[in-house]
Amino acid sequence: MFKQRPFRGAASFGARRGAHLLPNARLGGPMPWVIAIMVALTTLAAGAALALTHVANSARSELAGGATVQIVNADDAARDSQAEQVVHALSSMPGITQVERVPQRKIASLIEPWLGSQTGSDGVPLPALIDVRLSGGADGARLTRIRQALHRIAPDARIDPQAEWLKPVFRALDALRWLALSLIALLAFTSAAAVWLAARHALDTNRETIEIVHHLGGNDTQIAQIFQRSVLSDALLGSFLGVALGASAIGILSARFAALDSGLAGTGALGLSDWLVISLVPAGAVLLALSTARLTVLAKLGKML
Amino acid sequence: MKSDGEIVRFDNVGLRYGTESEVLSDIDFTLFAGRFYFLTGASGAGKTSLLKLLYLAQRPSRGAIRMFGNDVITLKRDRLPAYRRRLGVVFQDFRLVGHLSAFDNVALPLRLAGLREADLRQPVADMLDWVGLGNRSDARPATLSGGEQQRVAIARAVIARPELLVADEPTGNVDPDMALRLLRLFEALNRLGTTVVVATHDLHLLRRVPDSLIMRLDRGRLADPTGALRYPPRGPIGRTQR
């Protein structure tokens, strides 16, 4: 009966044995649902951050080499003459890849909702607009050189980088992106806090058994592993539900924005790499729950002898 | 410094709970490997507190305790489990895990030590047979009588063949025949080299183990032995009383 046993040293309990030893180690209760809600919100925030990044990047790259030449002259003939000379001069300048005069009809139709149809030679005078594409970006020094060159042939010409007009829009997009990232950090913190509270409660519920396990030579790591395994099932369930909910919401919103047929909204569509990033959200939530539970349990056990 | 055969050594140990006065004072003794000790004393004399120090559930307020050759007071927490696995403890209140069967309670020290399931089934079944509970192995503690729970607690304490067995009133809830049977179990373990410390009120029990050594606690201090009681052990294995 008192045979020497072939002990292997402190070992981790199997999942079934561990759950059997500490049946209340599961966070249980509403915890999978709390994790599901947090993951769903994080998925949405991550999707929004990625879409906003695409919109901002797309707009920046599109406008980076863009400049607009305006010729402001009430005399139609003088304005058209200057415009033709500007188009001709720009077309022969090095570093300019595209020069296109915007038809006056198109300008009139663009501002019609604000000024009505009485524009052009019969009403409010419209400037001539020339869209210019520069290779390698429309920086200040290049624009100054172009401005000086144009001044000699078209004294009424003004050239502005297109990105300059949209700076407030970029700033707003950046702010929204940071807001989404802050939301993700806040949700991660809240999730960790919820797991921390639940793990402490589960630990208190099992305190008596844990003391016995300690007296019998069980170590903190063995106990923490039992809790981790229990938390794993809750976190997996919650994360799966959460990401399914969040991804569905993103899918519906994407379809709605795509239906707007707006140039800016269309550039925010999520690609495969974005979905791969989003798929990290549930994995991160599971890791966060596991590490929080482990650290909570080990910290609390460390206070016991 | 560990002398030959020395397994536990208390030097000038005192214990107080919070700001109360000391429940144990100036405790000096040495336990030697392979000996059988009884710890006696009236209720409230400090037996359970002394045992708590022995099974590393409590750190003393002062003094030094060496166990298996090491100072266990300054020992880091994460090294305590390795020492506890060398001990077997029978708690006065049994401290069985309520939701585990008798079998799983007895198997717990073996599982914690990493023994494979296939290797522990037979020894646990044998041990339950030995304490007369072979037919109750699936029973939860709540469905067992006090005596049966005590036997499960004893089976759990001895199953891993500890180097030091500490038992707090292990025969308090069993009939005289079972008490004797359990004592034989402790003696069998002792013959295999386990040092046994049994705290008991039962003076009849002391006479059943002729080679045992007796420590008597009186109001938190180890009393000098009288008559047949021998403390500290005289002869070649004892250390001189200071």
Given the conditions (1) surrounded by 15 or more Cβ atoms within 10 Å (Cβ to Cβ); (2) within 14 Å of chain B (Cβ to nearest Cβ); (3) in contact with a Lys or Arg (Cβ under 9 Å, 6 or more places away or on another chain), every one holds for A:D234 apart from (2)
If you check B:T40 against the conditions, is it part of a strand (DSSP E or B), away from chain A (no Cβ under 12 Å) and touching a helix residue (DSSP H, G or I) at 6+ places or on another chain (Cβ under 9 Å)?
-> yes
Residues located in the stretch B:1-46, provided they are crowded, with 21+ Cβ neighbours inside 10 Å and hydroxyl-bearing (S, T, Y) = B:Y37, B:T40
Number of the condition not met by A:A269 [criteria: (1) part of a loop (DSSP other than H, G, I, E, B); (2) away from chain B (no Cβ under 14 Å); (3) closer than 21 Å to B:L100 by Cα] = (3)
Looking for whichever is assigned to a helix (DSSP H, G or I) and at pLDDT 80 or above here; the options are B:L205, B:L217, B:L165, B:L222. Which one fits?
-> B:L205
Verdict on B:R121 being modelled with pLDDT of 90 or more, basic (K, R), surrounded by fewer than 20 Cβ atoms within 10 Å (Cβ to Cβ) and under 25 Å from B:Y83 (Cα atoms) = yes
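Among the helices (runs of 4 or more DSSP H) contained in the stretch B:60-137, which hold 3 or more residues that are more than 7 Å from every other protein chain (Cβ to nearest Cβ) and touching a helix residue (DSSP H, G or I) at 6+ places or on another chain (Cβ under 9 Å)?
Helices (runs of 4 or more DSSP H) meeting the threshold: B:102-112, B:117-130.
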Filter the stretch A:200-231 down to residues that are of a type in the set (D, E, K, R) and surrounded by fewer than 16 Cβ atoms within 10 Å (Cβ to Cβ) and give me whichever is farthest from the other protein chains (Cβ to nearest Cβ).
-> A:R200
Out of (1) loosely packed, with under 12 Cβ neighbours inside 10 Å; (2) more than 17 Å from A:D80 (Cα to Cα), the one A:R152 does not meet is (2)
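From the set of residues in the stretch A:116-140 that are in contact with a strand residue (DSSP E or B) (Cβ under 7 Å, 6 or more places away or on another chain), among the hydrophobic types (A, V, I, L, M, F, W, C) and in a strand (DSSP E or B), which is modelled with the lowest pLDDT?
Out of the qualifying residues, it is A:L134.
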Of the residues in the stretch B:177-199, those that are more than 17 Å from B:L31 (Cα to Cα) and buried (at least 16 other Cβ atoms within 10 Å of the Cβ) number 6
Counted residues in the stretch B:140-162 being part of a helix (DSSP H, G or I) and basic (K, R) come to 2
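The values are calculated or read from the model by the stated rules, or taken from the named source; none is laboratory data. Being a predicted model, the structure only gives us computed values, none of them experimental. Note that we place each Cβ from the backbone using ideal geometry, even for glycine, and neighbour counts take in every protein chain shown.
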